[in-house]
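What follows draws every value from the coordinates through simple rules; no lab data is involved. Computed from a prediction, not measured in an experiment: that's the story for all the values here. Here the Cβ positions follow ideal geometry from the backbone for every residue, glycine too, while neighbour counts run over all protein chains shown.
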Amino acid sequence: MIPIHNSEKTQRKEVIINWLSRLNSYDFSEPHRHNYFEFFYFIKGGGNHVIDFSTFDIKDHSIHIVAPGQVHQVNRALDSLGFVCLFELDALETMHEVNEFLFEHICFDVNERSPVYTFTSEQLPVVRALSDRAEEILNEEGDYRQLSLRAITQHLCVECIRSSDWKLSGHSQNDYTNFRKLLYANFREIKKVKEYAEHLCISEKSLNEQVRKHTGKSTSELIYEQIILEAKRLLLTGMSAKEVAYDLCFDDPAHFSKFFKNKTGMSPTDFRKIQV
């Protein structure tokens, strides 16, 4: 069973920072998920990080962003170093562009929006300086600590944006991105392409063209993939196939099991056995 972790501090809209070498209240080397962001900065790499069933190498001076709801497991090398910031999205009180950048990590699949960022030689001095400042903040107290943590996390997000192909200008305005946000919010209740097109005030053909352009897949494929991803997450939290079926708004558990096997090649029960 995969545990789901909450934090009273993040719910109070605080940004939390911990050294990865320190023991936390839970063992994050086991698969689990959160209701908040985790922003890993690896100063010294080694090992790998499994996020939503995809494996990413942990490299020196890299950032891994784990979004709320994603299942992940950190398999660090013994001599790896770094820290992790924990926060809910609105706790950063950040500019629109950073907010949109982080929100896409919630909406997009990890194979489409990579959660891992590395930096150019020009960026590294800036990123290292931010890392050094984060280490100093760990030993600070007082009213300004939260302001400093927010500022550092925001600045690191900006460096991630700079190192990627994410575009600032009008990035959040295209039909495809709007569809992904709509899909994330409604995939349980809305499963038809026609309904998404109606919500976006565009034709089915136009929506399919936009999705095909960005992913090479059909709109229905993305809808099904979103459902299957959440089904896998829920199955590993200990829910039965029947409970998952009802959570995902399937009227008939047998229909859900048939759908799951058709898309993954195995039954929900077999999937859970393999993962556990």
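Can you tally the net charge around R145? Count Lys and Arg as +1, Asp and Glu as -1, for every other residue whose Cβ sits under 11 Å from the Cβ of R145. Combined, the nearby Lys, Arg, Asp and Glu give -4. A simple charge model with +1 on the Cβ of Lys and Arg, -1 on the Cβ of Asp and Glu and nothing else charged puts the dipole of region 58-178 at about 260 debye relative to its Cα centre. Computed about its Cα centre, the charge dipole of region 174-275 is approximately 340 debye, with only Lys, Arg, Asp and Glu carrying charge at their Cβ. Using the alpha-carbon atoms, what tilt in degrees (0 to 90, nearest 10) does helix 96-107 show relative to the longest principal axis of the chain? Approximately 50 degrees, to the nearest ten.
Round to the nearest 10 and give me the degree value, 0 to 90, for the angle of helix 204-215's Cα axis relative to the longest principal axis of the chain. Tilt of helix 204-215: around 40 degrees.
Are there any GluC sites (Glu not before Pro) in region 136-220 that are in a DSSP loop and have at most 16 other Cβ atoms within 10 Å? List them by number.
Values: sites: E136, E140, E141, E159, E189, E195, E198, E204, E209; in loops: E140, E141, E189.
Answer by residue number: E140, E141, E189.
This model, with +1 at the C-beta of Lys and Arg and -1 at the C-beta of Asp and Glu, gives the chain a dipole about its Cα centre of some 780 debye. Placing unit charges on each Cβ (+1 for Lys and Arg, -1 for Asp and Glu) gives the chain a dipole about its Cα centre, and among L182, V126, N35 the Cα reaching farthest toward its positive end belongs to L182. Going by amide H atoms built from the backbone, whose H comes under 5 Å of the H on I58, apart from near neighbours? Amide H neighbours of I58, under 5 Å, 5+ apart: G46, G47, N48, H49. Round to a whole angstrom and tell me the spacing of the C-alpha centers of region 68-115 and region 208-276. Using only Cα atoms to place each centre, the spacing works out to 23 Å. Restricted to Cα atoms, the chain shows a radius of gyration and a Dmax of 19.6, 56 angstrom. Dividing the C-alpha radius of gyration of region 110-198 by 2.2 N^0.38 Å, with N its residue count, gives 1.53. With 30 Å as the limit, the listed pairs K59/K263; K194/K232; K13/K205 have K59/K263; K13/K205 beyond it between alpha carbons.
Projected label points at N139 and T118, each 7 Å from Cα along the beta carbon direction, are separated by 3.2 nanometres.
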